[in-house]
Amino acid sequence: MSIKLFLLLVQACGWTIVISVTSIVLGLALGTMVSAAMLSSHRLLSLAGRTFVSFFRGAPLLVQLLLIYNLLPMLGLNVPSMVAAIVGLSLCTAAYQAENLRGGFASVPTGLLEAADMLGLTPLQQFWRIRAPIALRMTLPALTNEAIMILKASSLVSVVGVIELTRMAQDLSASTFKPLPLFAAAALLYLVINGLVATGAQALERSFRWGSKA
Amino acid sequence: MTKRIFLKTLAGAAIVLAAVGAHAQDALARVKQAGVIKVGTETAFAPFDFIKDGEHVGLNVDLFTEVAKELGVKLEWVLLPWEGVFPGLEAGKFDMVGGPATITKARMERYRFSPPIAEATVALLKRKGDASIMKPADVSGKSVGAGKASAQLAQIKSFGDTLPAKVDAREYPGNNEAYADLAAGRIVAVANSLPNITYVAQQRPDTFEVVKPAFGLKSYFGYISRKDADSAKLASAVDAAILKIKADGRLAKLQKKWFGDSFETPDAVTTPNI
């Protein structure tokens, strides 16, 4: 395989990273809201949260992407490829992250919250200073797992017209008719990206441990 | 409560009306107004559409550049995997499909085809120097690959039925997976249209070889539009542009450039053999 082809793969990697990172961040924000909704004592709100999770966790991502890209235009909303890709991945990962976070929030000891009440912290302060940090620490390994899953699942967005790493490898092998070196190189690039994600997450976990000792 | 339902219905009706209003012009008028024709295709169908050094190139790219010139508009490609192309066409993500499909009776019932732009007759690709396959009938009783749901797959199946021993027709997600399996020795041949496999054999002459002659019924490649009143004028304008490009010799030149040879094709879509 020539250097030129490899550089094209690296370039396509850029899209894989942009789409995945944007989706993971948006998904985390949305997932936090959904998990808060699920834990809410308001019955309609928790029903809405659970419905969201059961749909976006229950239907295959590929099907969701095709629905967003091809069904919405029929309702008069024409979504560009990149938007459809990011929206699809974000909604899907939000559902998984919401479930992870729900476990994290549930594990916050009630004693801590009672103490916070006594000290006069408002519910919002309690959320940001006590519940969210604990939930995040508890769920960090699961969130890392989810981030890696999304990086790999991003290969599905080629179906809505985004040329990311896997699609580029497919396209290039369709003109060289030598698929093996291209897919091997693509696998290597995925391993490198995910290796970096895992290393970063480990460092974050370590720093969290230091923080809790202090 | 009733008032609220009434208001909701009204709002719903307004949205529907607005959507209908936006489509009052037909496809040709919209293309002219926007100054852009959007064409959907895949990028794994060499030599029609493929990625070379990062650029989308092929006969379709050159031909549609000429068509857009004739229409006086710019050309914009929407590049999808093949399985996403027809849903995209029906959802109106683009104006027509610029990846050629074999003109078949079944497809003509649902879509409108442009005049033929190349021959699509099916032939076999084998491993270089495989002496057991010297003519198409030699695949009798052996495994042959083709793209899934393709016109070529249907043809290798019916050809297999005419042979002494049935052909094991294997379906692949795309032609490129079938070529890879042929190189790996899991199948003895791949059935695909002559222009495609000729190109493959040219690219990897040490690995592949075309089995002559073609075994399939004579068929042609054409481009695809929606078969509704909205698309009718645009499709006719594209047809006229293609015929003009063919008449002045530009099409033959492009065929020579990408296939190494030019084809005799009829000017209008005739009743397909398949």
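Here, each number is a calculation from the coordinates, and none is a lab measurement. Since this is a predicted model, take the numbers as computed values, not measurements. Because the Cβ atoms are built from the backbone with ideal geometry, glycine has one as well, and the counts that use them run over all protein chains shown.
Tell me whether region B:122-211 comes out rounded, prolate or oblate; compute the Cα gyration tensor, take square roots of the eigenvalues as a ≥ b ≥ c, and use a/c under 1.5 as the rounded threshold.
Details: a/c = 1.60, a/b = 1.22, b/c = 1.31.
In terms of gyration-tensor shape, oblate.
Under a point spin-label approximation (7 Å from Cα along Cα-to-Cβ), what is the A:Phe183-A:Arg206 distance to one decimal in nm?
3.7 nm
Could you size up the charge dipole of chain B around its Cα centre, putting +1 on the beta carbon of Lys and Arg and -1 on that of Asp and Glu, and report it in debye to the nearest 20? Could the numbers behind the result be given before it?
Details: 36 positive and 30 negative charges, 120 e Å.
It comes to approximately 580 debye.
Which residue, chosen from B:Pro136, B:Gly99, B:Pro115, occupies the Cα position most advanced towards the positive end of the dipole of region B:42-146, where the dipole is computed from +1 (Lys, Arg) and -1 (Asp, Glu) charges on Cβ about the Cα centre?
Of the options given, the answer is B:Pro136.
Straight-line reach from B:Lys142: which lysines fall under 22 Å, measuring Cα to Cα and dropping same-chain residues less than 8 apart?
Within reach: B:Lys126, B:Lys128, B:Lys157, B:Lys166, B:Lys212.
Specify which residue in the list A:Ala184, A:Val21, A:Leu72 is farthest towards the positive end of the charge dipole of chain A, using unit charges on the beta carbon of Lys, Arg (+1) and Asp, Glu (-1), about the Cα centre.
Sorting the options by dipole projection puts first A:Ala184.
Any idea how far the Cα center of region A:15-66 sits from the one of region A:165-214, in Å?
Value for the Cα centre distance between the two parts: 24 Å.
Using Cα centres only, tell me the gap between region B:202-274 and region B:29-74 in whole Å.
15 Å
How big is the charge dipole of region B:116-274 about its Cα centre, in debye rounded to the nearest 20, if each Lys and Arg gets +1 on its Cβ and each Asp and Glu gets -1 on its Cβ? Please report the intermediate quantities before stating the final value.
Details: 22 positive and 17 negative charges, 35 e Å.
Here the size comes out at about 160 debye.
Quick one: net charge of B:Trp82's neighbours, Cβ under 15 Å, K/R +1, D/E -1? Provide the component values of the computation, followed by the final result.
Numbers: positive: A:Arg167, B:Lys93, B:Arg107, B:Lys148; negative: A:Asp171, B:Glu42, B:Asp49, B:Glu83, B:Glu90, B:Glu171, B:Glu177.
Taking every Cβ under 15 Å from that of B:Trp82, the sum is -3.
Using +1 at the C-beta of Lys and Arg and -1 at the C-beta of Asp and Glu, which of A:Val162, A:Gly31, A:Met149 has the Cα lying farthest in the positive direction of the dipole of region A:3-209?
Comparing the listed Cα positions along the dipole, A:Met149 ranks first.
Under DSSP H, which helices of chain A have Cα atoms covering 27 Å or more of the helix axis and a Kyte-Doolittle average no less than 0.0? Don't jump to the answer; show the numbers that get you there.
On the way: long enough: A:3-39 (52 Å, 1.94); A:81-106 (37 Å, 0.87); A:132-153 (28 Å, 0.98); A:179-213 (51 Å, 0.73).
Sorted by number, the helices that extend far enough and score high enough are A:3-39, A:81-106, A:132-153, A:179-213.
Lys and Arg at +1, Asp and Glu at -1: add these up for the other residues within a Cβ distance under 14 Å of B:Asn175 and post the number.
On the way: positive: B:Lys148, B:Arg170, B:Arg204; negative: A:Asp171, B:Glu42, B:Asp49, B:Glu83, B:Glu171, B:Glu177, B:Asp181.
Charge balance in the 14 Å sphere: -4.
All other residues with a Cβ under 14 Å from the Cβ of A:Thr139 taken together, and with Lys, Arg as +1 and Asp, Glu as -1, what is their net charge?
Working: positive: A:Arg102, A:Arg131, A:Arg137; negative: A:Glu99, A:Glu146, A:Glu205.
So the surrounding residues net to 0.
In the structure shown, do any of A:Lys4/B:Lys74; B:Lys74/B:Lys244; B:Lys32/B:Lys257; B:Lys38/B:Lys227 have a Cα-Cα gap over 23 Å, and if so which? Walk me through the intermediate numbers first.
Details: A:Lys4/B:Lys74 29 Å; B:Lys74/B:Lys244 18 Å; B:Lys32/B:Lys257 30 Å; B:Lys38/B:Lys227 17 Å.
Listed pairs above 23 Å: A:Lys4/B:Lys74; B:Lys32/B:Lys257.
Please state the shape class of region A:3-209: rounded when a/c is under 1.5, otherwise prolate if a/b exceeds b/c and oblate if not, all from the C-alpha gyration tensor. Write out the running numbers ahead of the final one.
Details: a/c = 3.33, a/b = 1.68, b/c = 1.98.
Oblate is the answer for region A:3-209, as a/c is 1.5 or above yet b/c matches or exceeds a/b.
Scan region B:109-212 for GluC sites (Glu not before Pro) in coil per DSSP, keeping those whose Cβ has at most 16 other Cβ atoms within 10 Å, and list them by number.
Working: sites: B:Glu109, B:Glu119, B:Glu171, B:Glu177, B:Glu209; in loops: none.
Passing both the DSSP loop test and the Cβ count: no residue.
Which of A:Arg102, B:Arg127 has the fewest other C-beta atoms within 10 Å, and how do the rest follow up to the most? The partial results should precede the final answer.
Working: A:Arg102 22, B:Arg127 17.
Listing A:Arg102, B:Arg127 from fewest to most nearby Cβ atoms yields B:Arg127, A:Arg102.
If packing is taken as the mean number of other Cβ atoms within 10 Å per residue, what is the order of A:25-36, A:126-137, highest first?
A:25-36, A:126-137
If you count, for every residue in A:162-174, the Cβ atoms of partner chains within 10 Å of its Cβ, what is the mean? Write out the running numbers ahead of the final one.
Values: counts 2, 5, 0, 0, 0, 6, 3, 0, 8, 13, 7, 6, 14.
Averaged over the peptide's residues, the number is 5.
Please list the helices of chain B that count as membrane-span-like by this rule: a mean Kyte-Doolittle hydropathy of at least 0.5 together with Cα atoms stretching 20 Å or more along the helix axis, each helix being a complete DSSP H run.
Membrane-span-like by this criterion, though nothing is claimed about a membrane: B:2-22, B:229-247.
Taking the Cα centroid of region B:153-167 and of region A:73-105, what is the distance between the two, rounded to the nearest whole Å?
Cα centres, region B:153-167 to region A:73-105: 46 Å.
To the nearest 20 debye, what is the magnitude of the charge dipole of region B:122-211 about its Cα centre, counting +1 on the Cβ of each Lys and Arg and -1 on the Cβ of each Asp and Glu? Don't skip to the answer; put the middle values down first.
Details: 11 positive and 9 negative charges, 11 e Å.
With only Lys, Arg, Asp and Glu charged at Cβ, the dipole is about 60 debye.
Over chain B, what is the relative contact order in whole percent, taking alpha-carbon pairs under 8 Å and six or more residues apart? Don't skip to the end; give the middle numbers.
On the way: 486 pairs, mean separation 71.7, N = 274.
In percent, rounded to a whole number, it is 26.
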